[in-house]
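First comes the structure, then the notes that go with it.
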Amino acid sequence: MDYDKTSIAATYDAARSLPAEALTRWLDLVAAHAPRRMELIIDVGCGTGRFTQPLAERFPAHVIGLDPSESMLASARKKPTAGRVEFRQAPAECLPLPNGSVDLVFMSMMLHHLDDRAAAARECRRVLRDGGRVFIRNTTRDSIYPHVRFFPGFQAIVDSQLPSRDEIVATFASAGLRLLADEVVEIQAATGWREFSDKIALRADSFIIRLPQVEFDAGMTSLREHASRAGDEPVMQQVHSFVFGQ
C-alpha cells in the first residue's frame, strides 16, 4: 500500500498506539536478544516512528528510522526526539547503509507491505554487522485478530497479504540468516473494547481501510454494540516475534 495516497499518517498514532506496558514488553524482548555492541540500530519501515524514539531511549545507540512514505516520515519528524535519532526515506529492499554497519535491524508490522520480501531479507543480511541481530514483530496468517468476527472480509485480506510464520523463517533463511528465537506474543491492544472500537473507527489499519464502506459501517455497528456490553475488558492481540542472526 502507498501510504502517501491515503490519510493514514494523520491518524496512525491515535489508532495504532500501544499501551505503555505493551511498549515496555516489546523493548524488553528486544533487549533480551540484542547484541552486546549496540552502536547503530535501524528501524526499517518505521512509519510515524512509534518505536524509533523508544529504541533510542532504551539503548545507547544511534537510531535511524527508514520508511518509503514521506507523509509517515513527516509525522515522525514532528515528534520530539533525542539527538541520536534521525529519519531517512528509503525502502526496505534498498537500505542506504554500508555493508556490515548495523548492530540491530528492527522491523515492526511492515513485512506485508513489501513488494519483495526476499530482497529486503538480503539487505538486512548485507548491512548486519558480525554478531548483529534482526528483530521482527509482525502479525502472520497464523495470528488471531480480535476484530475479525466483526468484519467478514478482513480474514480474506489477511490470507492474501500476510506471510505465515514458516514463510518468514524461510525467507530470511534463504538470505543467510539463522532463526535464533520466535514466539507468539499476546499483547494488550486496548484497555477496553470502547477504546479499541474508537481506534478501529479511524481506519488507520492498512487492511481495514481496504474494506468496502458498507462492510466497514456494518462492522463498526456490530463492534460498537459489543463494546457497549463488554465495557472495560482488555482487548488482546497476537503478534509474532522473530530474532535472526548470522
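Any chance the range 214-226 includes a residue that's within 21 Å of Glu21 (Cβ to Cβ), assigned to a helix (DSSP H, G or I) and either at pLDDT 95 or above or aliphatic (A, V, I, L, M) (or both)? Within the range 214-226, none of the residues are within 21 Å of Glu21 (Cβ to Cβ), assigned to a helix (DSSP H, G or I) and either at pLDDT 95 or above or aliphatic (A, V, I, L, M) (or both). Pairing residues of the range 36-61 that are on the phi > 0 side of the Ramachandran plot with residues that are crowded, with 20+ Cβ neighbours inside 10 Å and of a type in the set (Phe, Trp, Tyr), at Cβ distances under 7 Å and at least 6 apart in sequence or on separate chains, gives Gly47/Tyr12; Gly49/Phe87. Scanning the range 166-182 for residues that are farther than 29 Å from Glu233 by Cα and open to solvent by 40 Å² or more (accessible area, probe 1.4 Å) returns Asp166, Glu167, Ala170, Ala173, Ser174, Gly176, Arg178, Leu179, Leu180. Checking each residue in the range 183-208 for being within 19 Å of Gln238 (Cβ to Cβ), more than 17 Å from the chain's Cα centre (by Cα), open to solvent by 60 Å² or more (accessible area, probe 1.4 Å) and not hydroxyl-bearing (Ser, Thr, Tyr) picks out only Glu195. Being more than 30 Å from Asp130 (Cβ to Cβ), in a helix (DSSP H, G or I) and either open to solvent by less than 10 Å² (accessible area, probe 1.4 Å) or at pLDDT 95 or above (or both) narrows it down to one of Ala56, Ala14, Ala22, Ala74, so name that one. Unique residue meeting the criteria: Ala22. Apart from one condition, Leu180 fits all of (1) within 20 Å of the chain's Cα centre (by Cα); (2) aliphatic (A, V, I, L, M); (3) in a helix (DSSP H, G or I); (4) more than 16 Å from His113 (Cα to Cα); the exception is (3). Selection over the range 77-109 of residues that are open to solvent by less than 50 Å² (accessible area, probe 1.4 Å), touching a helix residue (DSSP H, G or I) at 6+ places or on another chain (Cβ under 9 Å) and not small (Gly, Ala, Ser) gives a count of 10.
The values are calculated or read from the model by the stated rules, or taken from the named source; none is laboratory data. On a predicted model such as this, the values are computed, not experimentally measured, just so you know. For neighbour counting, all protein chains shown are included, and Cβ atoms are generated from backbone atoms with ideal geometry for every residue, glycine included. Side chains are part of the model used for accessible areas, which takes the heavy atoms of the whole protein and leaves out ligands, DNA and RNA. Shrake-Rupley method; radii C 1.70, N 1.55, O 1.52, S 1.80 Å.
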